[in-house]
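Here the structure is laid out as structure tokens; the discussion comes afterwards.
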Amino acid sequence: MSATARAAAARPSAARRRPAPSRAAVRRRPALTAVPSAPATVAGRGVFALVVLAMLVTGMGVLLVLNTSLAQGAFELGALSTTRNALAIQEQQLLQQVALVLTVALVFAIALLMAATAGSSSGLPLTIEPGALITSTIVIVVLSLLGVAFSIWRVLRLDPVRAVSRQGLGGVE
């Protein structure tokens, strides 16, 4: 043993210095009594089965509501896609119509110009300046393009949901 351990063993400890509790102090403690346990109640299997059945029915109901809402969203998406396709076709048709009208108008204007020029040789005082012809042609083309731009702007501004619900536009009647 080391010297420190021998010195510690030689000193009396604090626990050894305390007096031992008397028998009267031990008697003052209350006595422990055993409490009879309550009889355990076990719910019947029927209650458990009802709870499980209620949970299953509730879960199935929630799944049904979720599935219905997802299906409704898919239906609306399909309707909007159909409307978008119809509007794209309508836009192409408008562009084709404008190109056709512009072409017909230019051909008609050139035919009128040729007729007027041919008639001027017969003694009518008519002179056609090339600058005026080019200017009028440019003005006609620009005004036609503005008309096309306005028509396209109106088509693009159209609300697809409202277009689906309106009659005559391929919507629900």
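Note down all Cβ pairs under 6 Å where the first residue falls in the range 137-154 and is more than 12 Å from L102 (Cα to Cα), the second is surrounded by 11 or more Cβ atoms within 10 Å (Cβ to Cβ), and they're at least six residues apart or on different chains. Sorted first by the residue in the range 137-154, then by its partner, the pairs are S151/L94. Filtering L113, L80 for residues that are part of a helix (DSSP H, G or I), touching a residue at least 40 places away in the same chain (Cβ under 8 Å), surrounded by 11 or more Cβ atoms within 10 Å (Cβ to Cβ) and not hydroxyl-bearing (S, T, Y) leaves a single hit, L80. Criterion applied to V57, V26 was being part of a helix (DSSP H, G or I) and either among the aromatic types (F, W, Y) or modelled with pLDDT under 75 (or both), and the one residue passing it is V26.
The values are calculated or read from the model by the stated rules, or taken from the named source; none is laboratory data. Bear in mind the structure is a predicted one, so any value in this text is a computation, not a measurement. Quick reminder, even Gly has a Cβ in these numbers, built from the backbone with ideal geometry, and neighbours come from all protein chains shown.
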